[in-house]
Amino acid sequence: FVDTVSDYQSDFILFPEFFNAPLMALGPQSSQTEAIRHLASYTDEILNAMSRMAVEYNANIITGSMPLHKDGHIYNAAYLCHRSGRVDEQLKIHITPHEKNDWVIRGGDKLDVFETDAGRVGILICYDVEFPELSRLMAEKGLQILFVPFWTDTKNSYLRVRHCAHARAIENECYVVIAGSVGNLPDVESLDVQYSQSAVLTPSDFSFPHDALLSEATPNTEMLMFSDLDMDKLRILHNEGSVRNLKDRRNDLYQVMLKK
């Protein structure tokens, strides 16, 4: 996948949440808790390989997400592997009931916007995009592209992620890129069925497509998708848009703040 996408001189490559889940079938399946910890044993190796590929193929790679064993706990971690060799980490903050109860995953407590050679970007893993406060805090730090790796099993859960992601693009005047896995994993409990349609979502104004959709994959079909994002359109929108969600906020009346 990286080799193919790099042929298009892509600045960013996004993988889905838990894209490496098939490896769970190679380990003990006596419980889901054991299985996710087995999957975490591959994270360092895969992250190192992704970082090397980012440099070799000259592309910033968002690794989707992988389980991370850290300080005696399991987290859901996404990484931004810069083509310079630097690696940034974003932990999933909001943990779903399934992750919490069956995998005993803990939520992170840091939220970052990362400076790259192709724009200021942020990462929200799946469920996190359903909480508008996070992307608003990112927007206040100059967010231009929000990457959302996700995993969903049904169309209604997918649409929940997609509709929220689209709202984040409009209200924060940024691009939002979502990517999920498709196919079946019959040997992996709780991940046996997957539903996805990856897409690139835009703000809704005159400079962008009329449906605020730059591109989308075929539903439930494994494929690569490419899009060109025009950062100049964001700058024009921020200052000359028909509505200006960022400029017109009533900071005298309400405020969103990060406590940590």
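The mean sequence separation of alpha-carbon pairs under 8 Å and at least six residues apart, normalised by the residue count of the stretch 2-240, gives a relative contact order of 15 percent.
Net charge near Ser51: determine it from the other residues with C-beta under 14 Å of the C-beta of Ser51, scoring Lys and Arg +1 and Asp and Glu -1. Overall, the nearby charge balance is -2. Calculated on C-alpha atoms, the gyration radius of the chain divided by its Kirkwood radius gives an Rg/Rh of 0.96. The dipole here belongs to the chain: it is taken about the Cα centre, uses +1 on the Cβ of Lys and Arg and -1 on the Cβ of Asp and Glu, and is about 760 debye. As an equivalent ellipsoid, the stretch 1-76 spans semi-axes of 27, 12, 9 angstrom, where each value is the square root of five times an eigenvalue of the C-alpha gyration tensor, largest first. Local charge for Cys81 was computed over the other residues whose Cβ lies under 12 Å away, with Lys and Arg +1 and Asp and Glu -1, and equals 0. Length gained on full extension, Val87 to Met231: 49.5 nm, using 0.36 nm per residue less the C-alpha separation. Determine the shape class of the stretch 167-209: with a ≥ b ≥ c the square roots of the Cα gyration tensor eigenvalues, call it rounded for a/c under 1.5, and otherwise prolate if a/b is greater than b/c, oblate otherwise. Verdict is prolate for the stretch 167-209. Could you pull out every whole DSSP H run in the chain that spans at least 24 Å of Cα extent along its own axis and averages -1.0 or higher on the Kyte-Doolittle scale? Sorted by number, the helices that extend far enough and score high enough are 155-172. Starting from the exponent 0.38 and prefactor 2.2 Å, build the expected Rg for the stretch 34-133 from its residue count and divide its actual Cα Rg by it. Normalised Rg, Cα atoms only: 1.10. Protection proxy ranking for 55-63, 112-120, using the average of other Cβ atoms within 10 Å per residue and placing the highest first: 55-63, 112-120. Listed from fewest to most Cβ neighbours within 10 Å, the set Met231, Met257 follows the order Met257, Met231. Each label point was placed 7 Å from the Cα along the Cα-to-Cβ direction; for Ser157 and Glu56 their separation is 3.4 nm.
Spatially close Lys pairs in the chain, defined by Cα atoms under 29 Å apart and a spacing of eight or more places or different chains, total 28.
Taking every DSSP bridge with both residues inside the chain, close to 60 percent are antiparallel.
Principal axis extents of the Cα atoms in the stretch 149-245, from largest to smallest and rounded to whole angstrom, are 52, 22, 18.
So what does log10 I(q)/I(0) come out to for the stretch 72-189 at q = 0.14, 0.17, 0.22 Å⁻¹, using the Debye formula with one equal point on every Cα and no solvent? Debye curve over Cα of the stretch 72-189, log10 I(q)/I(0) at q = 0.14, 0.17, 0.22 Å⁻¹: -0.61, -0.88, -1.34. Within the shell defined by Cβ-Cβ distances under 12 Å, the residues around Ser31 carry a net charge of -2, with Lys and Arg each +1 and Asp and Glu each -1.
Each value in this text was obtained by applying a stated rule to the coordinates, not by laboratory testing. Note that this is a predicted model, so its numbers are computed, not measured. Because the Cβ atoms are built from the backbone with ideal geometry, glycine has one as well, and the counts that use them run over all protein chains shown.
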